Amino acid sequence: MKKRILTGLQASGTLHIGNYFGALKPLVDLTNQDDNEVLLMVADYHAITSLKDATELKTNIYNIVRDYLAAGVDPKKVILFRQSDNQDHMELGWIFNCLVTVPFLMQAHSYKDKVAKGLEPNAGLFTYPMLMAADIALYNTDIVPVGEDQRQHIEYTREAVTKFNNAYGKTLKEPKELVVAGVGIVPGTDGQKMSKSYKNTIPLFGTREEIQKAVMSIVTDSSGDRPLNVYNIHHVIYRALGKSQDELDALYHEHAGKYKALKDILVDDIETVIGPMRAKRELITDDEIRAVLADGAIRAKAISNPMIEKIRKAVGIAL
Ligand code: TYM
């Protein structure tokens with residue numbers, strides 16, 4: 001059955017392979033299944049909760065769209081748009097803020113983690129889950145492909161939708177998260193979840209040298225004679241290559257104890273997955289990006305505008 005799928009990635013830096021395997025690839029895969037209706041958003045308003053450099057933000061926006069297109073997102077099939085191009089998000093975000101409580105938002109793991117890591121606890125960062133809920137609910141979204149770290153935000157979305165429907169009558173749909181098994185938490189070079197703030201990432205579109213440097217820095221704590229952190233990242237790459245865990249086990253058995261050789265093979269395997277996408281990425285121009293975003297904004301608003309009218313009516317602000 002036709003489903004509406006939506007996800008978003010923050011324009012707060014360069015994408016890493018965790019973002020790709022956790023969210024972007026599942027979205028691309030769903031685009032190619034059935035005749036799902038797919039929306040992919042650049043979460044640039046979310047990015048300003050932490051990024052305060054205008055030049056950097058603008059560069060990130062171009063780069064992330066370039067990354068999406070290179071990663072196989074077809075802008076004819078997918079509505080690829082920027083959050084800040086559609087003010088309906090802000091309006092529903094505000095309405096949700098007026099429905100949930102401060103103690104409820106205080107339980108958000110992501111907020112607590114970010115503040116613990118030294119991010120400024122600004123009000124935007126605090127209410128961030130309600131803008132995300134708006135991003136999703138505004139399009140009557142069925143499925144949201146995300147990594148494990150975003151699961152709670154989808155629960156928060158359901159809670160905001162329920163609160164809205166209880167207060168104003170059934171208007172909004174409850175979405176479900178899609179966390180793909182095996183890639184929900186792609187590990188970083190230190191074995192923790194790959195995350196920009198842990199400085200343990202393998203860049204999605206780094207040069208071969210950058211990828212090599214990141215792979216060589218993988219901490220080789222071993223379990224038996226198998227370097228577990230290398231193996232776990234390799235596992236994700238092997239799946240993308242359509243190879244089985246048995247084949248991976250055989251490779252690690254054959255090279256037991258030879259950490260450098262295994263890391264070299266991992267670099268080559270990452271290159272096999274990323275290389276063709278990187279080559280495609282280089283051909284994407286800024287003009288093309290602007291055209292894709294302009295078209296995406298029109299198509300996104302064609303869905304959200306009637307929806308926000310319904311919401312305004314329900315709330316009592318449509319005169
Ligand atoms: P963000 O930008 O932090 O991350 C983008 C996506 O990448 C996933 N991800 C991972 N998946 C597996 N392993 C990892 N190590 C890993 N690291 C990151 C994240 O789970 C996410 O799916 N709030 C969101 C952006 C957002 C959004 C939305 C998402 C805004 N509006 C609406 C879905 C729907 C965020 O900050 O993701």
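Between Thr59 and Ser217, residue separation times 0.36 nm minus the direct Cα-Cα distance comes to 54.1 nm.
Counting only the Cα atoms, the range 105-180 fills a convex hull of 85 Å³ per residue.
In the chain, Rg over Rh equals 0.99, where Rg is the alpha-carbon radius of gyration and Rh the Kirkwood radius from pairwise Cα distances. Computed over the chain with a Gaussian network model linking Cα atoms closer than 10 Å, the most mobile of Tyr168, Tyr45, Tyr62 is Tyr168. Taking Ile303, Ile136, Ile289 as the candidate residues, the one with maximal mean-square fluctuation in a Gaussian network model of the chain, Cα springs under 10 Å, is Ile303. Taking one quarter of the surface of the convex hull spanned by the alpha-carbon atoms of the range 196-281 gives a direction-averaged projected area of 5.7 nm². Helices of the chain meeting both criteria, an alpha-carbon length of 20 angstrom or more along the long axis and an average Kyte-Doolittle score not below -0.5, with helices taken as full DSSP H segments, are 54-70, 123-137, 259-281, 286-315. Projected onto its three principal axes, the C-alpha set of the range 1-50 covers 39, 22, 9 Å, listed from the longest axis down. Here's the picture: a label point sits 7 Å out from the Cα of Gln152 along the beta-carbon direction, and within the range 104-138 the residues with their amide nitrogen under 14 Å of it are 104-117, 126-130. Were the residues from Asp268 through Glu174 laid out at 0.36 nm apart, the gain over their Cα-Cα distance would be 29.6 nm.
A DSSP coil position with no more than 10 other Cβ atoms inside 10 Å describes the following trypsin sites (Lys or Arg not before Pro) in the range 1-39: Lys2.
Take every pair of alpha-carbon atoms less than 8 Å apart whose residues are at least six positions apart; their mean separation over the length of the chain yields a relative contact order of 22 percent. Diffusion coefficient (Stokes-Einstein, Kirkwood radius over C-alpha pairs, 37 °C, 0.692 mPa s) for the range 40-86: 292 µm²/s, rounded to a whole number.
For the range 165-235, applying the loop criterion from DSSP together with a ceiling of 12 other beta carbons within 10 Å to the trypsin sites (Lys or Arg not before Pro) yields Lys170, Lys199. Binning all Cα-Cα separations of the range 150-301 at 5 Å, short to long from zero, yields these whole-percent fractions: 2, 8, 13, 14, 14, 12, 11, 9, 7, 5, 3, 1, 0.
Applying a DSSP loop filter and a limit of 13 other Cβ atoms within 10 Å to the trypsin sites (Lys or Arg not before Pro) in the range 36-136 leaves Lys52, Lys76, Lys117. Hull volume per residue, based on the alpha-carbon atoms of the range 65-159 and their convex hull, is 131 Å³.
Here, each number is a calculation from the coordinates, and none is a lab measurement. No experiment lies behind these values; they were computed from the predicted model shown. Quick reminder, even Gly has a Cβ in these numbers, built from the backbone with ideal geometry, and neighbours come from all protein chains shown.
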